[in-house]
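In what follows, a single structure is set out as structure tokens and then discussed.
Read the figures in this text as sums done on the coordinates, not as results from a lab. Bear in mind the structure is a predicted one, so any value in this text is a computation, not a measurement. Here the Cβ is made from the backbone with ideal geometry for all residues, glycine too, and neighbour counts use every protein chain on show.
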Amino acid sequence: MNEIKGIEGKEQRKILFRLLSYTKPHKKTMVLAFSLLLMTTIGDVLGPILIKIFIDDYLRPRNLEFEPLFALGAAFIGIQIMNVLVSYFQLLKFQEIALKIIQQLRVDVFTKVQKLGLKYFDKTPAGSIVSRVTNDTEAIKDMFVSVIVTFIQGAFLLVGIFIAMFILNVKLALFCLIILP
């Protein structure tokens, strides 16, 4: 049986940068997708700020006037609806980029496989080769769609939350920033 050996950190970074090089032809779409991601993050941060305004300015002092509460509620619902729509298009763009990258990656892999000598094909079953190429490129697609997007979205959200915290209460934000690590 073939042993599976681990890949060291330096080699992992090299592979990651090689995979990320496939995003170069898609710079415009990536900028659009990341802009939509930033808008989604802003929407995620604005919702709790509106709830804070509702609680502090209207609910606690029992100032329940219809017009400002209606405007606040409409703004909250509007932000949530826009957030869902922008999030959908952002996911669509990342899927589009990932599919184009995987298409190019599969073309490159099959080109490489076709250049291999007959000795390789004598030792390795054809189904195994096709299976590995298909499964590995699918895992890479998942990396581009899920892992990288989730990681960057988490970073955007963390920065957005701290910006909102500094706007609301500087002392509390500094305390949270100190205990973050």
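Data table
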item: Sorted by Cβ neighbour density within 10 Å, fewest at the top, the residues 8, 96; result: 8, 96
item: Gained length - residue 103 relative to residue 52, 0.36 nm times residue gap less alpha-carbon distance; result: 13.7 nm
item: Proxy reagent accessibility, fewest Cβ within 10 Å first, across 106, 18, 132; result: 18, 132, 106
item: Rounded tilt (10° steps) of 9-20 against the dominant C-alpha axis of the chain; result: 80
item: Virtual spin-label span in nm between residue 14 and residue 116, 7 Å along Cα→Cβ; result: 2.0
item: Region 26-179: relative contact order as a whole-number percent, Cα under 8 Å and 6+ apart; result: 35
item: Residue 159/residue 31 FRET efficiency (R0 22 Å; Cβ-Cβ; nearest 0.05); result: 0.75
item: Selected from 114, 80, 147, residue furthest toward positive end of dipole (region 78-152; charges at beta carbon); result: 114
item: Using θ = phi - 60° and Karplus 6.51 cos²θ - 1.76 cosθ + 1.60, couplings along region 151-162 (whole Hz; Gly, Pro as x); result: 4, 5, 5, x, 5, 4, 5, 4, 5, x, 5, 5
item: Directionally averaged shadow of the chain, computed from the convex hull of its alpha-carbon atoms, nm²; result: 15.7
item: Helix 27-53 vs. the chain, principal-axis angle (Cα, 0 to 90°, nearest 10); result: 30
item: Degrees separating the helix 126-142 axis from the principal Cα axis of the chain, which is the longest one; result: 20
item: Non-local Lys pairs in region 26-179, i.e. 8 or more apart or on different chains, that have alpha carbons under 21 Å apart; result: 13
